[in-house]
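Report on one structure; see the data block that follows.
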Amino acid sequence: MAPTRSGAAGTGRSSYHHHMENPPTAFVVAFVAVALVMLAVPLLAIGFGLRSRRRARQFRSSGRPATATVVDNQMTSGAGGRLFFSPVVRFRTDSGTEVTGTTSHRPTSAIVGSTMEVVYDPENPSRVEPAAGGGAAGTAAIIFGLVTLAMLLVFFFLAGSMFSLFPAAETADCPPNLPADFPGC
């Protein structure tokens, strides 16, 4: 919509200014809908990260420790062709039963024959995780979510203040092509 020199709805302001201060309702609804959808992504990532870290911490605290020997590595392909390795380990439970299980994946393979400290589920001993670390995916998800959330909030604030959806510092009332003595400027 091109600015006109006639006042907007009898306010004495240009219709350009009126349009920017009061964006169409459909625009506001669409802006808020898109904002909510876009905010869902980082919030879900943060929720996933917190849940993942909590589960890893609970598993390490309720599981039984053991020293395991790496017997193999299972290789999987991730996004962008990245390779991940899940060490296959063998260990003895507290009752002396020998168990083979696969730990969570990592970016490098474990050396076959090396030992690692693990934690296993006493109810399902083949469910095993490294004793140290864990929760790296959760931490990455939390960081991604927080950074993305911060960037989106800055973007939404700037976009919203441009259309007076949110209060902002006082700005010039007239577009640069109108004279300063124009009514409403």
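The values are calculated or read from the model by the stated rules, or taken from the named source; none is laboratory data. Given the structure is predicted, the values throughout are model-derived calculations rather than measurements. Positions of Cβ are generated from backbone atoms using ideal geometry, with glycine treated the same way; all protein chains shown enter the neighbour counts.
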Some residue of the stretch 61-78 being touching a residue at least 60 places away in the same chain (Cβ under 8 Å) and either β-branched (Val, Ile, Thr) or closer than 20 Å to Ala137 by Cβ (or both): yes
Sole residue being touching a Phe, Trp or Tyr at 6+ places or on another chain (Cβ under 7 Å) and either of a type in the set (A, V, I, L, M, F, W, C) or at pLDDT 75 or above (or both), chosen from Val147, Val154, Val128: Val128
Positions within the stretch 23-61 being touching an Asp or Glu at 6+ places or on another chain (Cβ under 8 Å) and either over 28 Å from Ser109 (Cβ atoms) or of a type in the set (Gly, Ala, Ser) (or both), in sequence order: Ala56
Residue that is modelled with the highest pLDDT, among those in the stretch 35-64 that are over 30 Å from Pro125 (Cα atoms) and exposed (fewer than 12 other Cβ atoms within 10 Å of the Cβ): Ala40
Pick from the stretch 19-34, criterion part of a helix (DSSP H, G or I) and closer than 17 Å to Ser161 by Cβ, ranking: modelled with the highest pLDDT: Val34
Pair list, Cβ under 8 Å, 6 or more apart: the stretch 94-118 residue loosely packed, with under 10 Cβ neighbours inside 10 Å, other residue assigned to a strand (DSSP E or B) and charged (D, E, K, R): Glu98/Arg90; Glu98/Arg92
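Yes/no matrix, rows are residues, columns are (1) of a type in the set (D, E, K, R); (2) in a strand (DSSP E or B):
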site	(1), (2)
Val71	no, yes
Phe91	no, yes
Val99	no, yes
Ile111	no, no
Glu117	yes, yes
Ala132	no, no
Ala140	no, no
Hits in the stretch 121-160 (condition: closer than 30 Å to Thr25 by Cβ and surrounded by fewer than 17 Cβ atoms within 10 Å (Cβ to Cβ)): Ala150, Met151, Leu152, Leu153, Val154, Phe155, Phe157, Leu158, Ala159
Pick from the stretch 65-93, criterion among the small types (Gly, Ala, Ser) and surrounded by 15 or more Cβ atoms within 10 Å (Cβ to Cβ), ranking: nearest to the chain's Cα centre (by Cα): Ser86
Qualifying residues in the stretch 110-143 (those that are β-branched (Val, Ile, Thr) and within 28 Å of the chain's Cα centre (by Cα)) - the one nearest to Gly96 (Cα to Cα): Val128
